[in-house]
Amino acid sequence: MHPDFDRALQVGRPPNIQKLFPHSRALLVSGKVIDRALAGKGKAMTMAANGRSFLVIRGALMAAQRANSAIIIEIARSESTYCPVNFWNIARQVDALCNELAITVPVAIHADHYGIKKESDIPAAMVEIPTIFEAGITSIAIDASHMPDDKNLFANIELNSVIPSWAGLETEVGEIKGDQGLSTVDDASFLIRGLNAHGISPDWIALNNGSAHGIEATGQGIQVELTAEIHKALEPYGISGAQHGTSGNNSDKLRAIAGKTHTTKANVATALQMVGWGLEVNDYGNAIMSDGEFIKLEGEGLTEGLWQDMKGYAAEQGWNGGNYKKLNLPFEMKILAQPEEIRERMAKRVEQFVYSILVNVFNAENSADIAIELICKAGTYDLGPKAAKIEDPAEWTVAKIAERAKTLDVNAGPEGDFDD
């Protein structure tokens, strides 16, 4: 435990966390703290672990404690439709586990991919977003990347009014579509410059830089040089990168993202699910398949009987490959009803995988100390924006945004359902 942990606990927990968990010793912090800590270490990023199940969250927290790494536990809006974890219960699970396991590293609770697919989604989002912060969220990703660039910018501006100023903020340009519809310097700069003109300073930007959600099948993966080029262009705005679709990319590619770009947040979802279940994966978490089926390792993760039940249920539903993610919701109670030794080996397998990634790939080890020192130096939970307003608001009116958007060099890619 860092010697200043108690001080950080006193001043570093945002108001919603203090209200929800007044007697807690879990250091739940703004996503800003996590970003600054990894940026401060340099050539480092931490895992944003998608907590699709209770045991995945447990394993990820144990790994972060072991690595002395700051970490983000997140869930995407779409994941809440097929997982038992959602925006309104994830903070309670994390807080309970931190107290049970004596976790003393800083943890942010991130609402990932808060999706806005059309303008008519915005009024409901204006009502809903405050409720997720009331439930303990400390960081959010506004993902309006499905819409044209000007509409994406307008949505981010409008929704910012209901996001606490202290909260971590991620924005996105270019849907995550693998090697199609790649982001450009032009469209990324348009979004960030427009936000800056309106006094909004995101902590992260997510790009379509060649990654894919779920199981990586193309072999193309993340385009490091494209990412570095875009991040370089955005340096005046102090923004870091959020890497999506991490599970399917090899360790050397991920080390390059950490070492050669300004990325501080790397989302890992599918890999943690597969690892916890006891399926065979390669060193970076991509599931290995044989004749179109996953390979279950005997004596690892789930019991063999429960795995067969899950496979049978998936077959009945017509699910295969990446759609096995939909097994999380109907089988969570059955998983938690397994004997303790089975539950513990599932969580332990996640812990071992996450620890190895944090220490050997992401260079996140000991970033928890940096985060605690940042909190104590600031004396507050709110670290403020990383960049001042440098754009002229008069050049970013509604009319001028719409006109400027028509001139952008963009590649939208194909239509389709690209939700995580």
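Where (i) 21.3; (ii) 23.4; (iii) 25.6 are the candidate values, the label of the one calculated here for Kirkwood radius over Cα pairs in Å is (i).
The phi torsions of the range 327-333, fed into the Karplus equation with coefficients 6.51, -1.76 and 1.60 and a -60° offset, translate into couplings of 6, 4, 5, x, 10, 4, 5 Hz, rounded to whole numbers, with Gly and Pro shown as x.
Is the shape of the range 300-420 best called rounded, prolate or oblate, per the rule: a/c under 1.5 gives rounded, else a/b larger than b/c gives prolate, else oblate, with a ≥ b ≥ c the square roots of the Cα gyration tensor eigenvalues?
Details: a/c = 3.24, a/b = 1.47, b/c = 2.21.
Oblate shape, in that a/c is at least 1.5 and b/c is the bigger or equal ratio.
Ordering TYR324, TYR82 by the number of other Cβ atoms within 10 Å of each residue's own Cβ, fewest first, gives TYR82, TYR324.
Where both bridge residues fall in the chain, DSSP classifies roughly 10% of the beta bridges as antiparallel.
Just check the range 100-196 against the gyration tensor rule for me: Cα atoms, a ≥ b ≥ c as the square roots of the eigenvalues, rounded for a/c under 1.5, and otherwise prolate or oblate depending on whether a/b exceeds b/c. Before the final figure, lay out each step's value.
On the way: a/c = 2.04, a/b = 1.48, b/c = 1.38.
Prolate, since a/c reaches 1.5 and a/b exceeds b/c.
Between TRP319, TRP166, TRP204, the residue with the greatest mean-square fluctuation in the GNM of the chain (Cα pairs under 10 Å linked by springs) is TRP319. Take VAL11, project a point 7 Å from its Cα along the Cβ direction, then tell me which residues of the range 365-383 have their backbone nitrogen under 17 Å from it. It comes to 369-383, nothing else.
Could you give the C-alpha radius of gyration of the range 1-159 expressed as a fraction of 2.2 N^0.38 Å, taking N as the number of residues it contains?
Numbers: Rg = 16.0 Å, N = 159, 2.2 N^0.38 = 15.1 Å.
Taking N as the residue count of the range 1-159, the ratio is 1.06.
With Cα atoms defining each centre, the range 246-289 and the range 122-166 are spaced 28 Å apart in the structure.
Quick note: the coordinates plus some simple rules give every number you see, no bench work behind them. Everything numeric here is computed off the predicted structure, so don't read it as measured data. Neighbour counts are summed over all protein chains in view; Cβ atoms, including those assigned to glycine, are modelled from backbone coordinates with ideal geometry.
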